[in-house]
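One structure is given here, and the rest of the page talks about it.
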Amino acid sequence: MAGSFDKHAQLYSDVRPTYPREWFSMLAKLTTHHSLAWDVGTGNGQAAVRVAEHYEKVIATDIGKDLLRHAQKHPGIQYFHTPLSMSDEELVSIAGGDNSVDLITVATAVHWFDLPRFYSIANRVLRKPGGIIAVWSYAMMSVSPEFDQKMKSFLDSTQPYWHSNILKFVFGGYKTLPFPFESVGLGSEGEPIQLEMKKEVSFEGFLGWLKSWSATVTAKEKGVDLLTDKLVKEIQEAWGEPKLVRPVVYNTFMLVGKVKV
């Protein structure tokens, strides 16, 4: 089981885009202090490590124990397992307490949260004034016009098998995501800013990633093979050789705000 998780985690690190350092420099410039940050839904700690370059201490939390076991180690980061059963007071305490957090980040995860509860806690712990919250995710990716068209057809076929939150929030580019915070010039509720992430990826890695999607797995469990041999061949022809490494552009959307006065 552990070996399977290790393989899956490696696959994701090989294909998932790396959050650009410039984003975190941009966010750090918006906060008055740089003492404490909270990375929520940290996963393998990819965002937390970037945040730690700008803040003295980073609290990184996740409901997944396995993910935290494989999180990137860093002297400035403290990882905490925060099961759904944990009380609001416990979460506030772990995050640092009321009016204490300079930056809250949520990378590709806020669409899974109990939003009213999370936003209530965020309002409590964010430093006032001077605290900032930033949430972001990505959906579509671009390689070439021919390849992108094939991918759009594949994405359309996956829609019945995604969780409703993915369809509602992620495929909608966070335009429908509630975000009850005051704008700081980097998006606002209903109007996220558009960004790009780039990564060099092989077709083999990309195909393995598609096979790991929850929609692909769910469909297979229901007897539907979304990645048929015919489709894989068509996608590969649009990509090039299986081992060919190509730049992939991931279209990203972000919302940044501060507590409303």
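The values are calculated or read from the model by the stated rules, or taken from the named source; none is laboratory data. Quick caveat: nothing in here was measured; it's all calculated off a predicted structure. Glycine gets a Cβ as well: all are built from the backbone with ideal geometry, and neighbour counts include every protein chain shown. Side chains are part of the model used for accessible areas, which takes the heavy atoms of the whole protein and leaves out ligands, DNA and RNA. Shrake-Rupley method; radii C 1.70, N 1.55, O 1.52, S 1.80 Å.
With all protein chains in place and a 1.4 Å probe, the accessible surface of segment 181-241 carries 47 percent carbon and sulfur. The distance between label points at Lys65 and Glu53 comes to 3.4 nm (points 7 Å beyond Cα on the Cα→Cβ vector). The charge dipole of segment 155-261, taken about its Cα centre with unit charges on the Cβ atoms of Lys, Arg (+1), Asp and Glu (-1) only, comes to about 220 debye.
Karplus-based coupling profile of segment 241-252, in residue order and whole Hz: 5, x, 8, 5, 9, 10, x, 10, 9, 9, 7, 10, with θ = phi - 60° in 6.51 cos²θ - 1.76 cosθ + 1.60 and x standing for Gly or Pro. Membrane-span-like helices in the chain, defined here as complete DSSP H runs extending at least 18 Å along the helix axis by their C-alpha atoms with mean Kyte-Doolittle hydropathy no lower than -0.5, are 2-15; this is a sequence and geometry rule, not a statement about a membrane. For segment 122-206, the share of alpha carbon pairs falling in successive 5 Å distance bins from zero is 3, 10, 18, 18, 18, 14, 8, 6, 4, 1 percent.
Could you name the aspartates and glutamates whose alpha carbon sits less than 16 Å from that of Lys65, not counting residues in the same chain fewer than 8 places away? Within the straight-line cut-off, Lys65 pairs with Asp6, Asp39. In a simple Cβ point-charge model (Lys, Arg +1; Asp, Glu -1; nothing else charged), the chain has a dipole of about 120 debye relative to its Cα centre. Of the candidates Met26, Met140, Met197, which one comes out as most mobile in a Gaussian network treatment of the chain with C-alpha springs shorter than 10 Å? With Cα springs under 10 Å in the chain, the top fluctuation among Met26, Met140, Met197 is at Met26. For the chain, the longest piece that avoids every one of the trypsin sites (Lys or Arg not before Pro) found in DSSP loops with at most 15 other C-beta atoms within 10 Å covers 74-174. With a/c under 1.5 counting as rounded, go ahead and sort segment 16-69 into rounded, prolate or oblate using the C-alpha gyration tensor (a ≥ b ≥ c being the square roots of the eigenvalues; past the cut-off, prolate if a/b is larger than b/c, else oblate). Taking the square roots of the gyration eigenvalues as a ≥ b ≥ c, segment 16-69 is oblate.
Simple rule: put +1 on each Lys or Arg Cβ and -1 on each Asp or Glu Cβ in the chain, find the dipole, and look at Phe179, Leu30, Ile235; the Cα lying farthest toward the positive end is Leu30.
The distance separating the Cα centre of segment 159-175 from that of segment 63-139 comes to 22 Å.
Considering only Phe118, Gly97, Tyr19, and ranking their Cα positions along the charge dipole of the chain that arises from unit charges at the beta-carbon of Lys, Arg, Asp and Glu, the one farthest toward the positive end is Gly97. Using a/c under 1.5 as the rounded threshold, could you call segment 49-139 rounded, prolate or oblate? The axes a ≥ b ≥ c are square roots of the C-alpha gyration tensor eigenvalues, and prolate needs a/b larger than b/c, oblate otherwise. Judged from the Cα gyration tensor, segment 49-139 comes out rounded (a/c under 1.5). Coordinate range of the alpha-carbon atoms in the chain per principal axis, descending: 56, 40, 32 Å. Simple spin-label estimate for Glu196 and Lys220 gives 3.2 nm between the two label positions (7 Å along the Cα-to-Cβ direction from each Cα).
In plain terms, the bigger the Kirkwood radius, the slower the diffusion; for segment 93-160, with that radius from Cα pairs, at 25 °C and 0.890 mPa s, Stokes-Einstein puts D at 167 µm²/s.
Note on Ser85/Lys152: beta-carbon distance plugged into 1/(1 + (r/R0)^6) with R0 of 45 Å gives a FRET efficiency of 0.65.
Against the compact-protein benchmark of 2.2 N^0.38 Å, the Cα-based radius of gyration of segment 76-228 scales to 1.24. Quick check on my link table: of Lys150/Lys230; Lys73/Lys243; Lys150/Lys233; Lys29/Lys128; Lys57/Lys175, which ones sit more than 20 Å apart, alpha carbon to alpha carbon? Pairs exceeding the cut-off: Lys73/Lys243; Lys57/Lys175. Taking 14 Å as the straight-line reach from the Cα of Lys152, the aspartates and glutamates in range (excluding those fewer than 8 positions away in the same chain) are Glu234.
Look at the alpha carbon pairs under 8 Å that are at least 6 residues apart: their mean separation over the length of the chain gives a relative contact order of 21 percent. Anisotropy class assigned to segment 202-261 is oblate, per the alpha carbon gyration tensor with a/c at or over the 1.5 cut-off and a/b no larger than b/c. With the simple spin-label model, which puts each label point 7 Å out from Cα in the Cβ direction, the Leu231 to Arg21 separation comes to 3.9 nm.
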